[in-house]
Amino acid sequence: MLSTSKTEAKQWELACQAWTFHRFTLSETLIQMEKLGIRHIELYPEQKVAPDQQGTTHFSMSDDEIIRLKALLKKHHIKISSYGVVTPTHENEWEQLFEFAEKMNIKTIVSEPQQALLPFIDSLCQQYKIRVAIHNHPEPTPYWNPHIVLKALVHRSQYIGVCADIGHWTRSGLEASECLKKLEGHIFEIHTKDVNRTDKQGHAVVFGEGIMDWPKVFSELERQQFKGKFVIEHEYNWDNPVPDLHKNILFFKLNTQ
């Protein structure tokens with residue numbers, strides 16, 4: 001068992017990135033999450049809401065659709081921890097996204113924003129009091145290396161930070177714990193996955209069955225007194241992710257308590 005402080009571990013909560021269930025509707029996703037005991041979700045923009053509805057969870061949904069979405073989440077006792085990965089390319093789309101986030105009481109938007117738009121995005125963050133977490137996909141995507149992210153954070157407010165995808169760092173040949181160390185003080189949430197290889201051909205595996213150095217990851221986040229969400233994004237076994245998620249949850253509990 002890893003030696004994570006119980007005081008800090010009590011503040012470590014799991015969420016699930018809905019992309020894990022992208023072959024299912026949101027209503028089907030929430031049923032499975034409720035059974036698994038996961039009470040927070042990161043929605044992504046293109047998931048169909050229910051089998052009998054045409055709409056998706058895109059931020060352009062109508063007010064009536066938002067009311068129905070809120071009711072669905074409440075029915076399953078699940079709260080939205082964040083929303084993404086979503087990357088509008090125009091200012092008016094960013095404004096629409098923030099208006100949606102405000103209506104849904106979403107406090108963190110996960111994105112890989114165009115750097116030229118960051119000053120405008122930051123102004124919206126400060127206006128709405130909503131955070132934007134810069135996410136990393138593997139090399140050669142825009143924010144694959146923490147050094148690139150740190151440069152983007154220069155002169156930004158406290159509302160612009162990081163969604164650290166530790167699996168994608170590993171698939172880029174980077175050491176996840178060292179990346180976390182470089183971004184200390186800026187990390188809003190963790191996209192939590194284990195992977196089987198240090199290249200783009202690698203894929204997600206059950207926590208503890210891959211090459212992720214979990215003791216170093218948990219130790220570094222404990223040192224930083226991290227208090228954000230660990231968002232499970234299991235990008236494998238798409239047709240039946242629940243057994244792997246169950247194992248991931250057990251691994252997390254065993255190694256953080």
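The values are calculated or read from the model by the stated rules, or taken from the named source; none is laboratory data. All figures in this text were calculated on a predicted structure; none of them were measured in a lab. Don't worry about glycine lacking a Cβ; one is built from the backbone with ideal geometry, like all the others, and counts go over all protein chains shown. Just the protein is used for accessible areas: all its heavy atoms, side chains included, with ligands, DNA and RNA removed. Shrake-Rupley method; radii C 1.70, N 1.55, O 1.52, S 1.80 Å.
Would you pick out the residues in segment 183-220 that are of a type in the set (Lys, Arg) and more than 19 Å from the chain's Cα centre (by Cα)?
197, 200, 216
List pairs: first residue in segment 228-257 and closer than 16 Å to residue 216 by Cα and open to solvent by less than 40 Å² (accessible area, probe 1.4 Å), second residue part of a helix (DSSP H, G or I) and among the small types (Gly, Ala, Ser) anywhere in the structure, Cβ distance under 9 angstrom, at least six positions apart or on different chains.
256/9
Would you tally the residues in segment 138-152 being out of contact with any Phe, Trp or Tyr (no Cβ under 6 Å at 6 or more places or on another chain) and either among the hydrophobic types (A, V, I, L, M, F, W, C) or surrounded by fewer than 18 Cβ atoms within 10 Å (Cβ to Cβ) (or both)?
Of the residues in segment 138-152, 10 are out of contact with any Phe, Trp or Tyr (no Cβ under 6 Å at 6 or more places or on another chain) and either among the hydrophobic types (A, V, I, L, M, F, W, C) or surrounded by fewer than 18 Cβ atoms within 10 Å (Cβ to Cβ) (or both).
Could you run through segment 9-33 and say how many residues are assigned to a helix (DSSP H, G or I) and open to solvent by less than 60 Å² (accessible area, probe 1.4 Å)?
10
Please verify whether residue 215 is free of Cβ contacts under 8 Å to residues at least 12 places away in the same chain, in a helix (DSSP H, G or I) and of a type outside the set (Gly, Ala, Ser), treating the condition exactly as stated.
Criteria not met by residue 215.
Restricting to segment 47-66, name every residue that is at pLDDT 95 or above and exposed (fewer than 12 other Cβ atoms within 10 Å of the Cβ).
62, 63, 64
Could you check how many residues of segment 184-227 are out of contact with any Asp or Glu (no Cβ under 6 Å at 6 or more places or on another chain), closer than 23 Å to residue 108 by Cα, buried (at least 18 other Cβ atoms within 10 Å of the Cβ) and of a type outside the set (Val, Ile, Thr)?
Residues flagged as out of contact with any Asp or Glu (no Cβ under 6 Å at 6 or more places or on another chain), closer than 23 Å to residue 108 by Cα, buried (at least 18 other Cβ atoms within 10 Å of the Cβ) and of a type outside the set (Val, Ile, Thr) within segment 184-227 amount to 7.
Could you tell me which residue of segment 99-118 is farthest from residue 162 (Cα to Cα), considering only residues that are open to solvent by less than 10 Å² (accessible area, probe 1.4 Å) and under 17 Å from the mean Cα position of the chain (by Cα)?
Quick first cut of segment 99-118, residues open to solvent by less than 10 Å² (accessible area, probe 1.4 Å) only: 100-101, 106, 108-111, 113, 118.
Now drop any that are not under 17 Å from the mean Cα position of the chain (by Cα), which leaves 101, 106, 108-111, 113.
Numbers: 101: 18, 106: 16, 108: 10, 109: 10, 110: 8, 111: 9, 113: 12 Å.
Across segment 99-118, the extreme among qualifying residues is 101.
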